[in-house]
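The values are calculated or read from the model by the stated rules, or taken from the named source; none is laboratory data. Model, not experiment: these values are computed from the prediction. When we count neighbours, we look across all protein chains shown, and the Cβ atoms used for this are built from the backbone with ideal geometry, even at glycine.
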Amino acid sequence: MSHLERREKERQMREAGRLPNGQSLTEKFPVLTYGPTPKFNPATWDLRVFGAVERERRWTWEQFIQLPTGQMTVDIHCVTRWSKFDTTWEGVMFRDFLRELELTDEARFVIAHCDYGYTTNLTLEAMDDDDVMLATKYEGRWLHEPELIEHGGPLRTVVPKRYFWKSAKFLRALEFSPVDKPGFWEAGAYHNEGDPFKEERFNRRGF
Ligand SMILES: Nc1nc2c(c(=O)[nH]1)N[C@H]1C(S)=C(S)[C@@H](COP(=O)(O)O)O[C@H]1N2
Ligand SMILES: [Mo]
């Protein structure tokens with residue numbers, strides 16, 4: 001895509017309400033990970049659910065991939081100012097996953113816990129949306145394949161209505177919490193909500 005073509009596409013997407021202010025279009029898929037990429041071992045991998053639930057739960061890889069899956073094509077927006085349109089993901093829709101659980105009345109926040117300690121927080125309200133997914137595939141290919149594993153294999157959340165740092169790669173546990181727990185970036189300079197269309201990039205500490 002030439003420079004002029006890109007500018008034209010950005011103009012169209014902004015007019016269509018799909019390109020937030022301060023973002024520009026990328027055709028690449030940059031990798032942004034703080035720290036190393038974990039190795040995936042299907043024999044030992046698990047996904048845990050704990051906190052404000054009637055019963056703590058655990059899925060092995062074999063069990064997790066038995067869950068019903070869905071597909072979605074969405075735009076993603078990174079706070080480092082790139083946006084990528086029409087990315088296709090497959091996995092367990094978060095709303096379907098919630099039906100597997102029994103939350104207590106206290107559950108108000110969802111904290112995603114990843115390998116190597118990365119965390120990110122969102123309200124249950126933001127997570128309980130029809131475009132939030134626990135994704136195992138990108139563009140039809142497993143995220144744990146070597147070419148894609150840096151993008152969060154074998155499992156990541158995808159939360160299209162928030163900046164992409166809130167889409168947790170290498171997901172290993174979901175904590176339902178009565179109180180908010182600012183995550184890895186949110187505890188620093190990043191905004192707690194991170195809505196790209198409101199340009200919620202930084203909090204008061206980061207301006
Ligand atoms: N576990 C984990 N998840 C993470 C990150 C990380 O460092 N560790 N980085 C976040 C950030 S800042 C972004 S922009 C996206 C990048 O996803 P990508 O590498 O697939 O583009 O993942 C998010 N999820
Ligand atoms: Mo990011």
State whether the residues of the range 145-162 include one that is over 22 Å from residue 87 (Cβ atoms), more than 14 Å from ligand 2 (Cβ to nearest atom) and in contact (Cβ under 8 Å) with a residue 12 or more places away in the chain.
no
Please count how many residues of the range 82-116 are crowded, with 18+ Cβ neighbours inside 10 Å, among the aromatic types (Phe, Trp, Tyr) and not in a strand (DSSP E or B).
2
Of those in the range 125-144 that are part of a loop (DSSP other than H, G, I, E, B) and free of Cβ contacts under 8 Å to residues at least 40 places away in the same chain, the residue surrounded by the fewest Cβ atoms within 10 Å (Cβ to Cβ) is 130
Look through 75, 115 and report the one residue that is modelled with pLDDT of 95 or more and within 30 Å of residue 8 (Cβ to Cβ).
75
Could you check, for the range 163-173, whether at least one of its residues is within 28 Å of residue 203 (Cβ to Cβ), outside any loop (DSSP other than H, G, I, E, B) and among the aromatic types (Phe, Trp, Tyr)?
yes
Residue in the range 1-27 that is surrounded by the fewest Cβ atoms within 10 Å (Cβ to Cβ), counting only those that are hydrophobic (A, V, I, L, M, F, W, C) and more than 20 Å from residue 160 (Cα to Cα):
4
